Amino acid sequence: MWQLNLPTYKFNTKKSGDKIFIFDSQRKKYVSLTPEEWVRQNFIRFLIDEKNYPAALIATETQILINGMRKRCDAIVFDRQMNPIIIIEFKSPFVPISQETFDQVAVYNFKLDVSVFILSNGYQHFFCRIKPDKTGYEIRQEIPDFKSIEV
């Protein structure tokens, strides 16, 4: 697959017909290996292995209901009381992170009301903290350790 701007990890993959599948340790099943899935698998491994995010507090492909419409968050990180604290949006390595990507997360945040979100296409990573007055957000490219963002 593609070398991302992340450490290199080993994954269990299998081929069925002309499709390749990767084992998702969060969902405990094989899923189709798309470019976006490659980013998700690598980034979540990075969060767990390098940034000390507890695997049990990360949910992937989480469905939420917004104004009667079903939306899907790529990943949500919870605190130890199981309150959502971070929304994560992944894009394919071939999709640049744009204002549209930030807007997509903002829609999810109407429902989840978190103060932190992360965006990544595998090459660029953005850690964003919403300002206390909710007039915007501060952006960093360094992803902090879990203990430094836990509320």
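Can you list residues from other chains, or at least 5 along the same chain, whose modelled amide H is less than 5 Å from the amide H of Asp24?
So Asp24 has HN proximity to Lys29, Tyr30, Val31.
Pull up the cross-link candidates among the aspartates and glutamates for Lys14, meaning alpha carbon to alpha carbon under 16 Å and not fewer than 8 places away within one chain.
Result set, ordered by chain and number: Asp24, Glu37.
Return the calculated 222 nm mean residue ellipticity for the chain, to the nearest 500 deg cm²/dmol, obtained by summing -39500 (n - 2.57) across DSSP H runs with n ≥ 4 and dividing by the residue count.
-6500 deg cm²/dmol
If packing is taken as the average number of other Cβ atoms within 10 Å across a peptide's residues, how do 21-33, 115-127 rank, most packed first? Could the numbers behind the result be given before it?
Working: 21-33: 14.6, 115-127: 20.4.
So the order, starting with the most tightly packed, is 115-127, 21-33.
Where both partners of a DSSP beta bridge lie in the chain, what percent of those bridges are antiparallel, to the nearest 5?
Just about 85 percent of them are antiparallel.
Would you calculate the separation in nanometres between label points at Lys15 and Arg140, each defined as 7 Å from the Cα along the Cα-to-beta-carbon direction?
Modelled inter-label distance: 4.3 nm.
For segment 51-67, what does the Karplus curve 6.51 cos²θ - 1.76 cosθ + 1.60, with θ = phi - 60°, yield as ³J(HN,Hα) per residue in whole Hz, taken in order and with x for Gly and Pro?
Once rounded to whole Hz, the list reads 10, 6, 7, x, 4, 5, 9, 10, 10, 10, 6, 8, 8, 10, 10, 10, 6.
For Val31 and Asp133 in one chain, what is 0.36 nm times their gap in residues minus the Cα-Cα distance, to one decimal in nm?
32.7 nm
Rounded if a/c is under 1.5, else prolate if a/b beats b/c, else oblate: with a ≥ b ≥ c from the C-alpha gyration tensor eigenvalues square-rooted, which is the chain?
Cα axes put the chain in the prolate bin.
Using only the alpha-carbon atoms, how far is helix 35-49 inclined from the longest principal axis of the chain? Give it as 0 to 90 degrees, nearest 10.
The helix 35-49 is inclined about 70 degrees to the chain.
The numbers here are math on the coordinates, done by the rules we state, and not lab data. Remember, predicted model here, so these are calculated numbers, not experimental data. Positions of Cβ are backbone-derived with ideal geometry, glycine not excepted, and every protein chain shown enters the neighbour counts.
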